[in-house]
Amino acid sequence: MEKHVKLEILDKIAIVAIDRQEALNALNTELIMELGAVFDEISKNDSVGCVIIKGEGKAFVAGADIAEMLVKNQEEGEIFGRDTSQVFLKISNYKKPVIAAVNGYALGGGLELALACDIRYASKKAKFGFPELGLGITPGFSGTQRLPRLVGSSIAKEMIFSSAIIDADEAYRIGLVNKVFDGENLFDECLKLAKKISENGQIALEYAKTAIDDGLKKSLEEGIALENKLFGMCFATEDQKEGMQAFLDKRPAVFKNK
Ligand code: COA
């Protein structure tokens, strides 16, 4: 039974709520392991079409737990970074889309968690940044790798080297978040997007995520070859016949996800 990470499945949408409000949802080892276990559980549930990660209270996640990190030595620091990065890889490699609903502080490890998601929606109150260098450490949960891949190395270096905290509008301007909403609308907008995503053909959805993520690791030509393969594989599914027949019949498609 998880203490700090709650999972609720609403129709085809999995909602993961991080709840350690006394420390602004800071990531301690226990919470990180729970998050990994929750994603293992979600991965076994084929009915899930989209996941939303949110923070309870006024923060999304205010970083790794500083009190826990204070006493770590070199080896323990490396293991902490590696184990947490593995959990975040579990999230980014999960076959269906994951949306971060960033309601407040997304600092350090919290920003790295949001970066492991496919899509980031933010409330106007959200704040983003990497305070790590001010604590005498580098970002350690894949931030030095994910941020430059998303916003470019120059903006990433400015954010990481300066420890500057930016607001939601600035995060939108640099392409760190997809959209910004009033706080009270944020979760409903995430749900709306998740519903739209989970109503689409689920095999094509998985293929599209694979094509984008694996394609980005390849040359353009190799990425296009991957897309060609996955596009072709769609034609072996019942969903492709149903999706196209439904269009011609002028009715909504009923996907069997086969
Ligand atoms: N690790 C451990 N505890 C944390 C924490 C973190 N990353 N972030 C917040 N907390 C705790 C605070 O110590 C405080 O605990 P206390 O009530 O026992 O004193 C509680 O959460 C509330 O935080 P507080 O600082 O009082 O809230 P605030 O609204 O004044 O400030 C922040 C909010 C986010 C600006 C501030 O908490 C902060 O700078 N946190 C650290 C962010 C950080 O450096 N993250 C990267 C870590 S690698």
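None of the figures in this text is laboratory data; all of them are computed from the coordinates on show. All values reported here derive from a predicted model rather than from experimental measurement. Quick reminder, even Gly has a Cβ in these numbers, built from the backbone with ideal geometry, and neighbours come from all protein chains shown.
What number of residues within segment 166-202 are more than 24 Å from Phe130 (Cα to Cα) and either surrounded by fewer than 20 Cβ atoms within 10 Å (Cβ to Cβ) or in contact with a strand residue (DSSP E or B) (Cβ under 8 Å, 6 or more places away or on another chain) (or both)?
16
Being within 19 Å of Asp83 (Cβ to Cβ) and small (Gly, Ala, Ser) is the filter; apply it to segment 134-170 and report the residue that is farthest from the chain's Cα centre (by Cα).
Among those that are within 19 Å of Asp83 (Cβ to Cβ) and small (Gly, Ala, Ser), it is Gly140.
State all residues of segment 160-184 that are assigned to a helix (DSSP H, G or I) and away from the ligand (no atom under 13 Å from the Cβ); if no residue qualifies, say none.
Of everything in segment 160-184, those that are assigned to a helix (DSSP H, G or I) and away from the ligand (no atom under 13 Å from the Cβ) turn out to be Phe161, Ser162, Ala168, Asp169, Glu170, Ala171, Tyr172, Arg173, Gly183, Glu184.
Can you report the number of residues in segment 30-46 which are within 16 Å of the ligand (Cβ to nearest atom) and under 17 Å from Ala100 (Cβ atoms)?
3
Which ones in segment 4-45 are touching a residue at least 60 places away in the same chain (Cβ under 8 Å) and among the charged types (D, E, K, R)?
Passing the criteria: Asp11, Lys12.
Only one of (1) within 14 Å of the ligand (Cβ to nearest atom); (2) out of contact with any Phe, Trp or Tyr (no Cβ under 8 Å at 6 or more places or on another chain) fails for Leu107. Which number is that?
Checking Leu107 against (1) within 14 Å of the ligand (Cβ to nearest atom); (2) out of contact with any Phe, Trp or Tyr (no Cβ under 8 Å at 6 or more places or on another chain), the one that fails is (2).
It is to be established whether one or more residues within segment 110-121 are within 16 Å of the ligand (Cβ to nearest atom), within 16 Å of the chain's Cα centre (by Cα) and hydroxyl-bearing (Ser, Thr, Tyr).
no
Tell me which residues, restricted to segment 237-258, are of a type in the set (A, V, I, L, M, F, W, C) and surrounded by 11 or more Cβ atoms within 10 Å (Cβ to Cβ).
Those that are of a type in the set (A, V, I, L, M, F, W, C) and surrounded by 11 or more Cβ atoms within 10 Å (Cβ to Cβ): Met244, Ala246, Phe247, Ala253, Phe255.
Name the residue that is nearest to Lys12 (Cα to Cα), counting only residues in segment 206-225 that are assigned to a helix (DSSP H, G or I) and touching a helix residue (DSSP H, G or I) at 6+ places or on another chain (Cβ under 7 Å).
The extreme case among them is Tyr207.
How many of the residues making up segment 119-133 are in a helix (DSSP H, G or I) and within 26 Å of Asn185 (Cα to Cα)?
0
State all residues of segment 4-24 that are within 13 Å of the ligand (Cβ to nearest atom) and out of contact with any Asp or Glu (no Cβ under 7 Å at 6 or more places or on another chain); if no residue qualifies, say none.
Arg20, Glu22, Leu24
Considering segment 130-148 alone, what residues qualify as being of a type in the set (Val, Ile, Thr) and free of Cβ contacts under 8 Å to residues at least 40 places away in the same chain?
Thr138, Thr144
Could you grab me the full set of residues in segment 81-95 that are buried (at least 18 other Cβ atoms within 10 Å of the Cβ) and more than 13 Å from Phe141 (Cα to Cα)?
Within segment 81-95, Tyr94 is the sole residue that qualifies.
Can you tell me how many residues in segment 134-154 are surrounded by fewer than 17 Cβ atoms within 10 Å (Cβ to Cβ), away from the ligand (no atom under 14 Å from the Cβ) and part of a helix (DSSP H, G or I)?
Within segment 134-154, residues that are surrounded by fewer than 17 Cβ atoms within 10 Å (Cβ to Cβ), away from the ligand (no atom under 14 Å from the Cβ) and part of a helix (DSSP H, G or I) number 6.
Hey, among the residues in segment 47-78 that are away from the ligand (no atom under 16 Å from the Cβ) and closer than 21 Å to Gly140 by Cβ, which one's nearest to the chain's Cα centre (by Cα)?
Here the answer is Ile53.
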